[in-house]
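Report on the structure given below.
Values in this text are rule-based calculations from the coordinates and carry no lab data. Predicted, not measured: the structure shown is a model, and the values here were computed from it. Cβ placement follows ideal geometry from the backbone for every residue including glycine, while neighbour counts extend to all protein chains displayed.
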Amino acid sequence: MDLLKQRILEDGTVLPGNVLKVDNFLNHQVDAKLMDQIGAEFARLFKDEGVTKVVTVESSGIAPALTTAIHMDVPLIFARKHKSLTLTDNLYTASVYSYTKQVSNDISIDKRFLKPDDRILIIDDFLANGQAVQGLLEIANLAKVKVAGVGIVIEKSFQKGHTMIEKSGVRLESLARIASLDNQEVTFVD
Ligand code: 5GP
């Protein structure tokens, strides 16, 4: 998606540890119009997949997932993060290691919101090592729902997540694919 790539080049900054900071349009301040265009693009890409719900993880995935859900005319579910819970009977839960925060959190979705006839589209802001997506795939497995695909706003293709999803056989669509962040410079795959 050229508009997104251009914005990354204009406003993204590279932090140590292969972290791309895009908090002026995606992760903190949100460019609502750009999010709308991102949602429209995911909806176009996955329009024939029979998606019944869009699923993400709070909080950075919510903006692009919400606009995708609007364009697909389906509900959005965001998995909630928490440290530990005693009462988890009513929840599907998976453990996720956070790339940027370097801590593990449980993520959960209430069992009421996922039913076996659902076909979910997973959306997230970034794909690094694939832990967040892996956690959502685990939850999908527990809930016995089908996964129509994974849509990522910014993929760091040089990290493990891309290969992990490819191997799982789930369709992956990333709107911007970064080949390298070496020397504080963003280089795209294409
Ligand atoms: P993964 O689970 O694929 O290892 O990492 C994905 C999650 O980590 C994303 O949801 C995002 O919140 C965060 N993340 C990973 N890499 C980056 C990055 O380079 N920049 C930002 N802003 N967030 C990242």
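Applying 1/(1 + (r/R0)^6) with r as the Cβ-Cβ distance of Ile70 and Lys167 and R0 = 22 angstrom yields a FRET efficiency of 0.10.
Straight-line cross-link partners of Lys144 among the lysines, defined as a Cα under 20 Å from its Cα and at least 8 positions apart when in the same chain: Lys53, Lys111, Lys115, Lys167. If you take the square roots of the eigenvalues of the alpha-carbon gyration tensor of segment 1-89 and sort them as a ≥ b ≥ c, do you get rounded (a/c under 1.5), prolate (a/b over b/c) or oblate? Verdict is oblate for segment 1-89. When Rg and Dmax are taken over the Cα atoms of segment 99-190, they come to 14.3, 47 Å. Under a 10 Å cutoff between Cα atoms, tell me which one of Pro75, Pro64, Pro116 has the largest fluctuation in the Gaussian network model of the chain. For the chain, modelled as a Gaussian network with Cα springs under 10 Å, the answer is Pro116.
Label-to-label distance for Asp89 and Asn129 is 3.5 nm, based on points extended 7 Å past Cα in the beta-carbon direction. In segment 103-190, Cα pairs under 8 Å separated by at least six residues give a relative contact order of 26 percent. Mean separation of Cα pairs under 8 Å and 6 or more residues apart, divided by the residue count, gives segment 88-135 a relative contact order of 40 percent. Build a GNM of the chain with springs between Cα atoms under 10 Å apart, and of Thr93, Thr13, Thr67 the one that fluctuates most is Thr13.
Taking label points 7 Å from Cα along the Cα-to-Cβ direction, His28 and Lys111 give a separation of 4.0 nm.
Considering all alpha-carbon pairs of the chain, what whole percent are spaced by more than 24 angstrom?
Summing the P(r) of the chain above 24 Å gives 35 percent of all pairs.
The mean sequence separation of alpha-carbon pairs under 8 Å and at least six residues apart, normalised by the residue count of the chain, gives a relative contact order of 19 percent.
Residues of the chain were split at every exposed loop site, defined as GluC sites (Glu not before Pro) in a DSSP loop with at most 16 other C-beta atoms within 10 angstrom, and the longest piece left, sites excluded, is 59-184. Entry note, the chain: the mean residue ellipticity at 222 nm calculated from DSSP H runs of n ≥ 4, each adding -39500 (n - 2.57), is -9000 deg cm²/dmol after division by the residues and rounding to the nearest 500. In straight-distance terms, cross-link reach from Lys81 covers every one of the aspartates and glutamates whose alpha-carbon lies under 14 Å from its own, apart from those fewer than eight places away in the same chain; here that gives Glu58, Asp106, Asp110.
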